[in-house]
Every structure is written in C-alpha cells, then in structure tokens.
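Q: Okay, here's the structure, questions in a sec.
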Amino acid sequence: ITMNYALLLKTLKKYDEAGHQFERVLAMQPKGKYAADAAYYAMYNYYMHVDLGSGIVKNQEDAEGLGPQTLPENAARMITACERYLSLAGPRGENVPEASYAAGKLYYEYNHYDPAITLFESVVQNFPKHANAPGAAKLLLRSLNLKHDFEALEAWAVRLAGTPLGTGDIQDMFPRIR
C-alpha cells in the first residue's frame, strides 16, 4: 500500500512527500520486491527538489581554502537516494550514469571532492558515450585541480586526450594542465 501511495504522490507532483514514502518502502523491506523501484523513485523525486546548476562557482581563486561545506537537507537526501539506488541497481543499472553524475555534482558543489571524483570517474570509465560523460569528465578534472591532486589531474588529462571526451571545453583545459 505504501508503494502505491508513494506512486500516487509522485503522479500528483508532491515530490517531497513521495520521496519520503519511497524511503518508507525501503525501510520496511530494503531487499524486497519493490526496493529497486522505490530507490529509483526516491532519487527521482528528490531530484525534482534539487537544482544541480546551483552551488558555488568553482575557479581556483574562489575555491582556495574552502573545505567541505555542510550539505543542505535536500542535497543530502538526494545524495543518499542516489547512493542507495547505485547499491541496488548494480554497476550497469539503467540509471546508474544519471545517479552517479547527480550525486557527484552535488558533492562537487559543496567541496566534497573525494566522493565526487569517484562518482565522476565511474561515469567516464563505464559510460563514456552517455550524455553526462562530457560533464563528468570536465568536473572530474576540475575536482582534481581544486583538490590539488595534480598527478591524478595530469594522468586523467593524458587519458582523456584524443578520446571523444577530450574535445570542446575539456580540450581547452589540456594546455593549462600539462
């Protein structure tokens, strides 16, 4: 009944309430029949409340000295929902690149570079032809730069050069990296 109620709330565009109800489904039966769908829909509903374009401007001058910031409640719920979905869907699940990119972007925006790097690497390595792969590659390089992991930054720049992901804005970054 809870799953049906959550689906109704989603249909009515009551996304925050729906997300909570999908979480209840997961709490009741974390490995149950509806767990994967509930995890996906929780992620989807929280996505409707999170602006992935918001956050802090990330250039070296603005980000210098900034440590990880506290994640706002909606961002934290979205990240938790994405990570839960990723654990239930497996490495090749249908929406894995979207979930990885969304969680990575939120981590990046609030200066949590280590988990952001891991998620962006996953998208770039496992889904290089996905629509989010170019954005993930760009944010991967920026995260490594802001973290001051220049060895990994150069390694990824070399790895991306000459690939379809190493074009456009990313290609313009290579001369500054090397």
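The values are calculated or read from the model by the stated rules, or taken from the named source; none is laboratory data. What you are looking at is a predicted structure, and each value in this text was computed from that prediction instead of being measured. Don't worry about glycine lacking a Cβ; one is built from the backbone with ideal geometry, like all the others, and counts go over all protein chains shown. Note: areas computed on protein heavy atoms with side chains; ligands, DNA, RNA excluded. Shrake-Rupley method; radii C 1.70, N 1.55, O 1.52, S 1.80 Å.
Q: For region 157-178: of the residues being over 17 Å from Asn132 (Cα atoms) and hydrophobic (A, V, I, L, M, F, W, C), which is most open to solvent (accessible area, probe 1.4 Å)?
A: Val158
Q: Within region 152-167, which residues are in contact with a helix residue (DSSP H, G or I) (Cβ under 7 Å, 6 or more places away or on another chain) and either assigned to a loop (DSSP other than H, G, I, E, B) or touching a residue at least 40 places away in the same chain (Cβ under 8 Å) (or both)?
A: Ala161, Leu165
Q: So which pairs qualify, if the first residue must be in region 66-82 and surrounded by fewer than 15 Cβ atoms within 10 Å (Cβ to Cβ), the second must be polar (S, T, N, Q), the Cβ gap must be under 6 Å, and the two must be at least 6 apart or on different chains?
A: Sorted first by the residue in region 66-82, then by its partner, the pairs are Leu66/Asn111; Pro68/Asn111; Gln69/Asn111.
Q: Another question, if that's okay. Would it be correct to say that Leu146 is buried (at least 17 other Cβ atoms within 10 Å of the Cβ), at pLDDT 95 or above, at negative phi and not in a loop (DSSP other than H, G, I, E, B)?
A: Spelling it out, it is not the case that Leu146 is buried (at least 17 other Cβ atoms within 10 Å of the Cβ), at pLDDT 95 or above, at negative phi and not in a loop (DSSP other than H, G, I, E, B).
Q: Follow-up. May I ask you to list the residues in region 3-55 that are open to solvent by less than 40 Å² (accessible area, probe 1.4 Å) and of a type in the set (Val, Ile, Thr)?
A: Selection gives Val25, Val50.
Q: I would also like to ask the following. If I go through region 89-104 residue by residue, how many of them are more than 16 Å from Asn145 (Cβ to Cβ), open to solvent by less than 20 Å² (accessible area, probe 1.4 Å) and outside any loop (DSSP other than H, G, I, E, B)?
A: Result for region 89-104: 6.
Q: Where residues in region 105-120 are open to solvent by 10 Å² or more (accessible area, probe 1.4 Å) and more than 11 Å from the chain's Cα centre (by Cα), which of them is modelled with the lowest pLDDT?
A: Tyr110
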